[in-house]
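Just so you know, all these numbers are worked out from the coordinates, no wet-lab data involved. Computed from a predicted model, the values in this text were never measured in an experiment. In this analysis, Cβ positions are derived from the backbone assuming ideal geometry, glycine residues included, and neighbour counts consider all displayed protein chains.
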Amino acid sequence: MSRRVRLLLLACAGPGFLAVLVIGLRGLPDFGDFHGAYGLLVDRIEPSLRHATDLVTALNFDLRAFDTLGEEFILFASVAGVALLLRHLRDVDEELDRRRTREDHSFAGASDSLRVMSLILIPLLVSLGVYLVLHGALTPGGGFQAGVVCAAGPLSVLLAGRYLALKRAAPEWALEAVDSLGAAAYALIGLGGLIFAGIYLKNFLPYGSSGHLLSAGMMPLNSIAVGIEVTGAFLLTWTEFLDQDLLAQRGRL
Amino acid sequence: MAFAPYAAAAWLFVIGLYGVVCSQNLLRTVLSLTVVQSATYLVLLGVGYRHGGKAPIVADISTHSKLVDPVTQVLVLTDIVIEATVTALLLALVVQAHKRFGSVDPARLRTLRH
């Protein structure tokens, strides 16, 4: 569609759209004056009945656990889509991988200090990510956020201009396995609820004492499963895009 | 200025939509879409805010303190995760379009033949 057609369509649909937007915005509660009952219920239920102190994670992995299952599979499906769309030149690429010289292994411009820094960053980021995963039910964190932090660790290898070293350490099949393992683990934890508590995704573990690492029932487990999946998913997505970049650099795109 | 967050959200939505309509580069279309989506974050966080409310994490505050609404915050989290992955998927489609048509100008995309 040309730009003029699109602008014409916007001119037709725009006023109606704007009217709906204004009506919708007028129906919102005043800023700072929200009286939603669900939030207040969560504030009461989760700390006392579930012994979780991060209410956002508690909602995500307890009250909305089934939604999170769907969200997880959206993530999984999108990443599978990215891999499917970008992959069909990869076989040629792998052939080249085997006979690549050392210069090929580095993107231009990485200084020695940047390399050292990126090496230091890897353990820092990964341990921060693991901390966030494990303390998901206690302090700000949880699987989704922590997975991105975990994935950022290995990716700092890229700063060092050593992308192909990353590819050797974490080949696509391993990332795919990690991604699927996380998704499967979440679904299987839910199955545990079905077997031990009679309802899918219902908690079947003791709640422990509030504020301790092993508390809040199966929330830490769910958090770990999601964290693993998100780590794999983000690393896989970035790997696929960086492969495209490599292909483009060699003028084969 | 109680309506400022909503006004900002409406602005982001409209400007993002305009970007989607007018862009002559598919990459920019995708980025405009993320601008549209960031309007939803602002709306959700704005809706769930309570004056003087604290973050909904009761690790070191009393469970009876006034908290901002956790439900909308969870929705924002979901929103961000989905946005990140769907953006990746759209960008992959852009790469494919570039491979197939040699251009990322939406006006120059021809119909798919196979």
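Residue ranges A:51-57, A:209-215, B:29-35 sort as A:51-57, B:29-35, A:209-215 when ordered by packing (mean number of other C-beta atoms within 10 Å per residue, highest first). Dividing the alpha-carbon radius of gyration of the protein assembly as shown by the rule-of-thumb value 2.2 N^0.38 Å gives 1.11. Starting from the alpha-carbon convex hull of the range A:108-243, give the projected area averaged over all orientations, in nm². Average of the hull's projected areas for the range A:108-243 equals 8.9 nm². Between A:GLY141, A:GLY39, A:GLY153, the Gaussian network model of chain A with springs among Cα atoms under 10 angstrom shows the greatest mean-square fluctuation at A:GLY39.
Helical content of chain B, expressed as a calculated mean residue ellipticity at 222 nm, amounts to -23000 deg cm²/dmol (DSSP H runs of 4 or more residues, -39,500 (n - 2.57) each, divided by residue number, nearest 500). Rounded to the nearest 0.05, what FRET efficiency do A:ARG26 and A:ARG168 give with R0 = 56 Å and r taken as the Cβ-Cβ distance? Could you check? E(calc), rounded to 0.05, equals 0.45. Residues whose amide H comes within less than 5 Å of that of B:LEU67, counting only those at least five positions distant or on another chain, are B:LYS54 (H built at 1.01 Å from N in the peptide plane).
Out of every Cα-Cα pair that the range A:117-177 contains, those further apart than 13 angstrom amount to 63 percent.
Rounded to whole numbers, the Karplus 3J(HN,Hα) couplings from phi for the range B:45-50 are 5, x, 4, x, 6, 10 Hz, using 6.51 cos²θ - 1.76 cosθ + 1.60 with θ = phi - 60°, and x at Gly and Pro. Ordering B:ASP69, A:ASP67 from the fewest to the most neighbouring beta carbons within 10 Å gives A:ASP67, B:ASP69. Measuring r between the beta carbons of B:ILE61 and A:LEU49 and using R0 = 22 Å, the FRET efficiency lands at 0.75. Shape summary of the range A:1-54, radius of gyration then Dmax from alpha carbon positions: 21.1, 59 Å. Comparing B:LEU89, A:ILE23, B:PRO106 along the charge dipole axis of the protein assembly as shown, the residue lying farthest to the positive side is B:PRO106, per the Cβ-charge model.
For a paramagnetic label modelled at 7 Å from the Cα of B:ALA2 toward its Cβ, which residues of the range A:31-72 fall within the zone defined by backbone nitrogen distances under 13 Å? Within reach of a label on B:ALA2: A:31-35. Place a +1 charge on the Cβ of each Lys and Arg in the protein assembly as shown and a -1 charge on the Cβ of each Asp and Glu, then give the dipole magnitude about the Cα centre in debye, rounded to the nearest 20. Value, rounded to 20: 1120 debye. Let's test the formula: R0 of 45 Å, r as the Cβ-Cβ distance of B:GLN24 and A:PHE73. What FRET efficiency results, to the nearest 0.05? Calculated transfer efficiency: 0.80.
For chain A, the mean residue ellipticity at 222 nm estimated from helices alone is -22500 deg cm²/dmol, where every DSSP H run of n ≥ 4 contributes -39500 (n - 2.57) and the total is divided by all residues, rounded to the nearest 500. Axis angle, to the nearest 10 degrees, between helix A:143-159 and the longest C-alpha principal axis of chain A: 20 degrees. Label positions at A:ASP112 and B:ILE15, each projected 7 Å from the Cα along the C-beta direction, are separated by 4.5 nm. Eigenvalues of the alpha-carbon gyration tensor of the range B:4-108, scaled by 5 and square-rooted, set the equivalent ellipsoid semi-axes at 37, 16, 6 angstrom, largest first. Each Cα pair under 8 Å and six or more residues apart adds its separation to the average, and for chain A the resulting relative contact order is 24 percent.
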